[in-house]
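A short write-up of the structure that comes next.
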Amino acid sequence: MAAPTPVVADLRSDTLTRPTPAMRAAMVDAEVGDDVYGEDPTVARLEARVAELLGHEAALFMPTGSMANQVGLRLHAGPGQEVVTDSLAHVLRAELGAAAAFSGITTRSWVADRGLLDVDTALSVMVPDGGAYQVSTACVVVENTHNFGGGTVQPLADMRRLREATAEVGVGVHLDGARLWNAHVATGTPLSDYGACADTVSVCLSKGLGAPVGSVLAADAERIQQARVWRKRLGGGMRQVGILAAAGLHALEHHVERLAEDHARTRRAAEALAQAAPGTVQPGTVETNILVLDVGAAGWTGPGLVAAAGEAGVLGYPTGPRHARYVWHLDVDDPTTDAAVDVLAGLLRRGPA
Ligand SMILES: Cc1ncc(COP(=O)(O)O)c(C=O)c1O
């Protein structure tokens with residue numbers, strides 16, 4: 001039997017990072033208590049820190065970003081109401097219909113280039129009070145940065161405009177900020193400026209920040225009280241979970257500013273691949289750590305290119321029939337980036353066999 005191909009670069013996702021030795025040490029030393037009783041001091045510290053960073057009153061530690069998003073949506077909308085967002089949003093595309101399955105929430109969407117927030121379309125799609133004839137829109141979701149859009153940063157001015165216009169008609173805003181840290185580092189925008197553009201904000205500690213698990217939902221104190229009930233109802237009440245919150249606190253302290261390194265490597269890869277295969281990517285649009293290649297421009301299908309690169313040890317993810325995604329993170333350095341670019345550039349230049 002042939003030996004498996006050694007992995008040159010695992011760029012499938014920024015969730016693949018492993019905790020560093022310093023993070024593991026912080027976890028070992030964490031002070032813990034039963035968090036369902038509200039008695040875990042490390043969780044309390046993490047929640048207070050994230051609430052402060054995002055400029056919200058309170059926050060709640062969650063096992064996953066999906067749960068943080070779905071509890072967030074549940075705070076805005078109930079059965080028979082709707083949530084609207086772009087068609088590539090994680091809450092629609094990758095949370096397995098959770099809003100419908102758990103909360104009876106329906107959704108509508110629009111196509112948005114690179115997942116970029118389109119305020120006018122969002123406002124025109126919304127039905128703030130549908131009365132007895134139309135489904136009422138309870139919430140608009142903004143994803144920043146946008147995962148399947150290619151790490152797209154949402155312009156703060158647009159987020160503010162959406163926030164003001166929706167507030168006037170009583171529609172809420174949920175910010176899926178799984179990678180809000182990346183937007184903050186890429187633009188220098190304070191996290192609290194983004195936080196001010198939404199009623200509920202979810203952030204992930206287990207993506208580029210390198211924690212093994214954990215997300216946080218931030219909102220006002222009353223909503224977070226309700227979120228505590230929904231988290232428990234969904235089976236997300238955790239006990240001596242300070243051991244995980246400690247990893248999150250360590251990540252916030254040590255792994256946010258370094259995201260700039262991931263962004264620089266991603267941009268460098270984009271520039272090299274745009275040269276090797278013009279039309280597959282516009283490097284100027286690569287703002288953070290996610291590179292979505294239009295491999296169709298080089299004659300490939302997304303799954304075809306991902307499979308061929310995988311055989312050469314460079315792992316990615318096909319995001320569509322003609323698109324492939326490569327994500328930079330804590331465990332990818334410069335030599336690994338160069339090796340991955342060599343493989344991808346060679347395949348894109350050559351085209352499918
Ligand atoms: C934008 C976005 N939101 C939410 C999530 C969900 O996070 P989790 O995998 O922790 O449920 C992800 C996961 O990759 C994501 O990319």
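The values are calculated or read from the model by the stated rules, or taken from the named source; none is laboratory data. Predicted, not measured: the structure shown is a model, and the values here were computed from it. Note that we place each Cβ from the backbone using ideal geometry, even for glycine, and neighbour counts take in every protein chain shown. Each accessible area value is taken on the protein alone, full model and side chains, heavy atoms only, with ligands, DNA and RNA left out. Shrake-Rupley method; radii C 1.70, N 1.55, O 1.52, S 1.80 Å.
What to note about this one:
- If you take all other residues with their beta carbon under 12 Å from the beta carbon of Arg267, and give Lys and Arg +1 and Asp and Glu -1, the sum is -2.
- Separation of alpha-carbon centers, segment 59-90 and segment 212-258, rounded to whole Å: 15
- Each of the peptides 17-24, 306-313 was scored by the mean count of other Cβ atoms within 10 Å over its residues; in descending order, highest first, they stand as 306-313, 17-24.
- Sequence-distant residues sharing a close amide H with Trp110 (under 5 Å, placed H): Thr85, Asp86, Ser87
- Solvent-accessible area of the chain (1.4 angstrom probe, protein heavy atoms only): carbon and sulfur portion equals 53 percent.
- Take the Cα of Arg239, go 7 Å toward its beta carbon, and the backbone nitrogen atoms of segment 35-71 under 13 Å from that spot belong to 35-37.
- Mean-square fluctuations from a GNM of the chain, with a 10 angstrom spring cutoff on Cα atoms, peak among Phe102, Phe61, Phe148 at Phe102.
- Dividing the Cα radius of gyration of the chain by its Kirkwood radius returns 0.98 for Rg/Rh.
- When only alpha carbons are used to place a centre, segment 276-336 and segment 119-183 end up 28 Å from one another.
- Listed residues Tyr326, Tyr37 arranged by accessible area, highest first, probe 1.4 Å: Tyr37, Tyr326
- Amide H partners (placed H, <5 Å) of His329, local residues excluded: none
- FRET efficiency, 1/(1 + (r/R0)^6) with R0 56 Å, evaluated for Asp342 and Asp220 via beta carbons: 0.65
- Note, ³J(HN,Hα) from phi for segment 281-290, Karplus 6.51, -1.76, 1.60, rounded to Hz, x at Gly and Pro: 7, 9, x, x, 8, 8, 9, 10, 9, 10
- As a length-normalised measure over Cα pairs under 8 Å and 6 or more apart, the relative contact order of the chain settles at 25 percent.
- Total formal charge among the other residues, if their Cβ is under 11 angstrom from that of Asp40, Lys/Arg +1 and Asp/Glu -1: -3
- Solvent exposure, largest accessible area first (probe 1.4 Å, DNA, RNA and ligands not counted), of Asp220, Asp86: Asp220, Asp86
- In sequence order, segment 54-61 has phi-based couplings of 8, x, 10, 5, 8, 8, 9, 6 Hz under the Karplus curve 6.51 cos²θ - 1.76 cosθ + 1.60, θ = phi - 60°, and Gly or Pro positions carry x.
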